[in-house]
Ligand SMILES: Cc1ncc(COP(=O)(O)O)c(C=O)c1O
């Protein structure tokens, strides 16, 4: 593997972390109040697919890429991404959560939209390199913040007809983040969306491709403008079943059961998969099946889950087209099961609890 050393950069050319944060030093930085946004870090990792094979990893400090104007990612949506996190433990060691699963999901996405898949080993090496090169940006233990890792795969080769590119670019950048929903682990309100779908019944909803997110922007803005944190999408075929909650999966809890939608148009969430295992560990039953919207009135707790959302408890779901309102968290606090799941997941990610399922890669 060839690691190109980051070129020395003129100090005036880039905004450093310290400049981004109004000249705060890493030590004095307010990690506890980080939002889910982009902060420039020291380096990112890149790899190119050409002549039928992937090249070596390269490290750069540039935030920009040079791209052919006819690249298929620009015209035909050949673009896939991932999202995972690294955490700092009490022991100061850095832990990356379920990176193998993200490698597998990106592989599946690549096949789904006819891109050259990144071999899992290369994916994981790129992720570890990106984290290592930015160690100083991994937030301290106990701050609730983490290092968000964003792998990205694009069709970079030129085509004018609708067909897959012959060349691809894979890159990984990182940025320190706080909670996705500004409320953090506090209940949020959600609006049912019937006027827009993020994916088609047999479309690309199960892949992590940019087009799904472009399709969600109008409805998300509508929800935000009406005072909701996100939208609850229904199945795009019949509008009878729950699909997912914005950029997160949905779950409901009742009678000691964790119930989550099974649907061809939702992203298979690695967080959801992990919560299902934690529920089984806690002696709960897990049901992955179509969840009719009417069932909302029967849940004791409901929530959204994902790498960015972690577990976000839901306080109220409003369906403006039927005037139905479903309420939870009557005391204003997250429910007991959601709280326990949040704590256990977090404890495993930060190394406070043993990693009995082998979900964590420690960087040494
Ligand atoms: C549409 C969508 N659903 C669900 C998720 C949650 O998936 P994961 O838990 O793997 O982050 C995400 C975030 O990646 C997402 O964008």
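None of the figures in this text is laboratory data; all of them are computed from the coordinates on show. None of the values given here were measured: they were computed from a predicted structure. Heads up, the Cβs are rebuilt from the backbone with ideal geometry, glycines too, and the neighbour counts pull from every protein chain shown.
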Mean projected area in nm² (Cα convex hull; one quarter of hull surface) for region 183-282: 7.0 nm²
GNM result for the chain, Cα springs below 10 Å: residue of 37, 283, 246 fluctuating most strongly: 283
Between the helical axis of 99-112 and the dominant principal axis of the chain, each derived from Cα atoms, what acute angle in degrees is found, rounded to the nearest 10? 90 degrees
Region 85-188 - Rg and Dmax from Cα coordinates, angstrom: 16.5, 54
Counting only DSSP beta bridges with both partners in the chain, the antiparallel fraction in percent, to the nearest 5, comes to 80 percent
If packing is taken as the average number of other Cβ atoms within 10 Å across a peptide's residues, how do 122-134, 342-354 rank, most packed first? 122-134, 342-354
Under the helix-only model (-39500 (n - 2.57) for each DSSP H run of 4 or more, divided by the residues of the chain), the mean residue ellipticity at 222 nm, to 500 deg cm²/dmol, is -6500 deg cm²/dmol
Computed from the beta carbon distance with a Förster radius of 30 Å, FRET efficiency for residue 93 and residue 286 to the nearest 0.05 stands at 0.45
By how many degrees, between 0 and 90 and to the nearest 10, does the Cα long axis of helix 120-132 differ from the longest principal axis of the chain? 80 degrees
Taking the Cα atoms only, what angle lies between the long axis of helix 270-281 and the longest principal axis of the chain, rounded to 10 degrees? 50 degrees
Select from 268, 336, 139 the residue whose mean-square fluctuation is largest in a Gaussian network model of the chain (Cα-Cα springs shorter than 10 Å). 336
Computed label-point distance, nm, for sites residue 143 and residue 237 using a 7 Å Cα→Cβ extension: 4.7 nm
Output the Kirkwood hydrodynamic radius of the chain, Cα pairs only, in Å rounded to one decimal. 21.5 Å
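Consider all pairwise Cα distances in region 308-348 and report the whole-number % of them above 13 Å.
60 percent
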Dimensionless Rg over Rh [region 227-301; C-alpha; Kirkwood]: 0.96
